[in-house]
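Notes follow the structure.
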Amino acid sequence: MSPIALSDFRSVVFFIGAGMSAECGVPTYRGSGGIWAQYDYGEYACQRAFDRNPRKVLDFHELRRKTVLDCAPHAGHHALAKLQAAQPRLHVITQNIDGLLQRAGVHVAAELHGSLWRVRCARHGVHEDLAAARYATRACPDCGAPLRPDITWFEDMVDEDVFARAGELIAGCELFVSVGTSAVVYPAASFIPLAQRKGALMVEINPEATEASKLFMRTLREPASVALVNGFAP
Ligand code: NAD
């Protein structure tokens, strides 16, 4: 099949999930090697756990940061960065918190579930924390309260502004490419039927069929590192 030319579309959205990072070695959440098969989220990934024991929760997230720092972006990340450099109408929306797209030079329009590389204070807002595996600081510089990771944990509300921005881009796109998402984590997964209802050309990149596969007109049953290199032209 010939590559899809992005220049044929007025607006393009690439919608990214954990499968994009799987080939880099970042564990997924579900399945046998998944994080929540090893760790109880109630102990490490919800506000209640943080309120009980911020130190334990931050230690766990430092481990996650170390895992990600030991990984590097793959050929698909670099291909996406090149496509975007040539085609500014390409918008990237991710469910991932690992920052691997940005490390490859991709501009990300919306991080739906936040970032491992930011922390926030309930009163004083968000701080970048790109230091290293270790957090640069665990206490808010303004009030001294413990800083929590700026990611969407279990039982958290999603960030409405971020979702609204992503929804606008998706409702207006003419080509929607889903990469490595199982399409079962809501509300993010609802963006797939939204794009389809709005009439976008729907393309799925995933080695396996998903619950949303029937909504796609084209499927690339390949790993992201292959499909993003061969499947598209600027
Ligand atoms: P998921 O784990 O539910 O599904 C991953 C999907 O990727 C599967 O359908 C799988 O078949 C596919 N996949 C596996 N290898 C692939 C490859 N090489 N190329 C393309 N696809 C591949 O992930 P999800 O749908 O993103 O939902 C999980 C939630 O967990 C997300 O909201 C995300 O925020 C979060 N999460 C993030 C990370 C991360 O930041 N890297 C990791 C795990 C989970």
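The values are calculated or read from the model by the stated rules, or taken from the named source; none is laboratory data. If you're wondering where the values come from, they're calculated on a predicted model, not measured in any experiment. Cβ placement follows ideal geometry from the backbone for every residue including glycine, while neighbour counts extend to all protein chains displayed.
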Is at least one residue of the range 59-80 part of a helix (DSSP H, G or I), touching a strand residue (DSSP E or B) at 6+ places or on another chain (Cβ under 6 Å) and away from the ligand (no atom under 16 Å from the Cβ)? no
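Return the residue satisfying two criteria in turn: it lies in the range 90-132 and is of a type in the set (D, E, K, R) and under 22 Å from Gly180 (Cβ atoms), and of such residues it is nearest to the ligand (Cβ to nearest atom).
Looking at the filtered set, the residue picked out is Asp98.
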Those residues of the range 152-198 which are of a type in the set (Gly, Ala, Ser) and free of Cβ contacts under 8 Å to residues at least 24 places away in the same chain amount to Ala164, Ala189, Ser190
Among residues of the range 193-230 being more than 21 Å from Gln84 (Cα to Cα) and of a type in the set (A, V, I, L, M, F, W, C), the residue surrounded by the fewest Cβ atoms within 10 Å (Cβ to Cβ) is Met217
Of the conditions (1) part of a helix (DSSP H, G or I); (2) within 23 Å of the chain's Cα centre (by Cα), the single one that Arg55 does not satisfy is (2)
When Glu211 is run through (1) over 21 Å from Tyr41 (Cα atoms); (2) more than 15 Å from the ligand (Cβ to nearest atom), the failure sits at (2)
Taking the range 1-28 and keeping residues part of a strand (DSSP E or B) and either modelled with pLDDT under 90 or not aliphatic (A, V, I, L, M) (or both) leaves Phe14, Phe15
Those helices (runs of 4 or more DSSP H) completely within the range 99-204 that have 3 or more residues that are closer than 29 Å to Leu58 by Cα and at pLDDT 95 or above are 100-103, 160-171
Exception for Thr219 within (1) more than 23 Å from Cys71 (Cα to Cα); (2) outside any strand (DSSP E or B); (3) among the hydroxyl-bearing types (Ser, Thr, Tyr) falls at (2)
All-but-one check, Gly31 against (1) part of a loop (DSSP other than H, G, I, E, B); (2) at pLDDT below 95; (3) more than 11 Å from the ligand (Cβ to nearest atom); (4) not aromatic (Phe, Trp, Tyr), failing number (3)
Of the listed residues (Ala86, Ala122, Ala139, Ala131), the one being under 22 Å from Gly231 (Cβ atoms), aliphatic (A, V, I, L, M) and surrounded by fewer than 20 Cβ atoms within 10 Å (Cβ to Cβ) is Ala86
Among Val126, Val68, Val106, the single one that is of a type in the set (A, V, I, L, M) and touching a residue at least 40 places away in the same chain (Cβ under 8 Å) is Val68
Scanning the range 46-68 for residues that are of a type in the set (Gly, Ala, Ser) and modelled with pLDDT under 95 gives none
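Report yes if Ala49 is surrounded by 20 or more Cβ atoms within 10 Å (Cβ to Cβ) and away from the ligand (no atom under 13 Å from the Cβ), otherwise no.
On the way: surrounded by 20 or more Cβ atoms within 10 Å (Cβ to Cβ): yes; away from the ligand (no atom under 13 Å from the Cβ): yes.
Against the criterion (surrounded by 20 or more Cβ atoms within 10 Å (Cβ to Cβ) and away from the ligand (no atom under 13 Å from the Cβ)), Ala49 qualifies.
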